[in-house]
Amino acid sequence: NAGVTQTPKFRILKIGQSMTLQCTQDMNHNYMYWYRQDPGMGLKLIYYSVGAGITDKGEVPNGYNVSRSTTEDFPLRLELAAPSQTSVYFCASSLGLAGRSDTQYFGPGTRLTVL
Amino acid sequence: AQSVTQLDSQVPVFEEAPVELRCNYSSSVSVYLFWYVQYPNQGLQLLLKYLSGSTLVKGINGFEAEFNKSQTSFHLRKPSVHISDTAEYFCAVSLGSSGSARQLTFGSGTQLTVLP
């Protein structure tokens, strides 16, 4: 299994441009997550999904959109890039066991710079 | 809401010395606790987790952590570190209840640097 894969690895955007960060998992996990990691900070949850067709906001959703049309894919969309969105973005997935612990598996990250 | 505090942002230590990375959490309900490691330019990898039962949890690469409910702490320890342990370490907490997605709250991280 490849686990959680993310593309691209690096990207530079100009202010106001848009882009989609791709995330795919091949573990048949129900839950998927998007985090951002700023320098010297822990990860903050942007959006998450508990299954195809179901998404919900996390701690820092402003400026982002997501969709979950399949179990495998969970793309993150930036519509109008701003310098404050310069960060490293991590996608994660977990099996989704209600009432039990649920280890999250992380992708390698996408480093985004907005100039 | 829960929060996580990692007390040390940087911990330098010599090879083969012991190390302790400190983590405190605050929550009004029961929690699950995790330690993740992030090697340079990579994603996060689970080191160990506490769910219930024995308060001493053993993880990969010789690491262990002890859950202390009265101190609300979950410190990570290794008796003898290697150069290859140089990485960023994150403590995280999730609510220990059923239902909604396991939203993890992360600490700000501790950079462990092992010196030769």
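The values are calculated or read from the model by the stated rules, or taken from the named source; none is laboratory data. Please read all numbers here as calculations on a predicted model, not as lab measurements. Positions of Cβ are backbone-derived with ideal geometry, glycine not excepted, and every protein chain shown enters the neighbour counts. With ligands, DNA and RNA removed, areas are computed over all heavy atoms of the protein, side chains included. Shrake-Rupley method; radii C 1.70, N 1.55, O 1.52, S 1.80 Å.
Note on the stretch B:35-70: residues that are part of a loop (DSSP other than H, G, I, E, B) and surrounded by 13 or more Cβ atoms within 10 Å (Cβ to Cβ) total 6.
Screening the stretch A:20-63 for residues that are of a type outside the set (A, V, I, L, M, F, W, C), more than 12 Å from chain B (Cβ to nearest Cβ) and in contact with a Lys or Arg (Cβ under 7 Å, 6 or more places away or on another chain) and picking the one that is least open to solvent (accessible area, probe 1.4 Å) gives A:THR20. Looking only at residues of the stretch A:96-115 that are in a strand (DSSP E or B), open to solvent by 40 Å² or more (accessible area, probe 1.4 Å) and not charged (D, E, K, R), we find that the one that is farthest from the other protein chains (Cβ to nearest Cβ) is A:THR113. Scanning the stretch A:6-36 for residues that are in a loop (DSSP other than H, G, I, E, B) and within 19 Å of A:GLU79 (Cβ to Cβ) gives A:PRO8, A:LYS14, A:ILE15, A:GLY16, A:GLN17, A:SER18. If you go through the stretch A:65-86 one residue at a time, do you hit one that is more than 24 Å from B:SER30 (Cα to Cα), within 11 Å of another protein chain (Cβ to nearest Cβ) and either part of a strand (DSSP E or B) or hydrophobic (A, V, I, L, M, F, W, C) (or both)? No, because not a single residue in the stretch A:65-86 is more than 24 Å from B:SER30 (Cα to Cα), within 11 Å of another protein chain (Cβ to nearest Cβ) and either part of a strand (DSSP E or B) or hydrophobic (A, V, I, L, M, F, W, C) (or both).
Hey, can you tell me all the residues within the stretch B:71-98 that are part of a strand (DSSP E or B) and either within 17 Å of B:SER27 (Cα to Cα) or within 14 Å of chain A (Cβ to nearest Cβ) (or both)? If the condition is that a residue be part of a strand (DSSP E or B) and either within 17 Å of B:SER27 (Cα to Cα) or within 14 Å of chain A (Cβ to nearest Cβ) (or both), then B:SER73, B:PHE74, B:HIS75, B:ALA87, B:GLU88, B:TYR89, B:PHE90, B:CYS91, B:ALA92, B:VAL93, B:SER94, B:LEU95 are the ones that fit.
With respect to being at positive phi and open to solvent by less than 10 Å² (accessible area, probe 1.4 Å), B:GLY109 fits the description.
Residues of the stretch A:73-95 that are open to solvent by 20 Å² or more (accessible area, probe 1.4 Å) and over 13 Å from the mean Cα position of the chain (by Cα): A:GLU79, A:LEU80, A:ALA82, A:PRO83, A:SER84, A:THR86, A:LEU95.
Taking the stretch B:32-59 as the range and being more than 12 Å from chain A (Cβ to nearest Cβ) and modelled with pLDDT under 90 as the test, the residues that pass are B:SER54, B:THR55. B:ARG22 satisfies every condition listed in (1) within 12 Å of another protein chain (Cβ to nearest Cβ); (2) of a type outside the set (Val, Ile, Thr); (3) touching a His at 6+ places or on another chain (Cβ under 9 Å) except (1).
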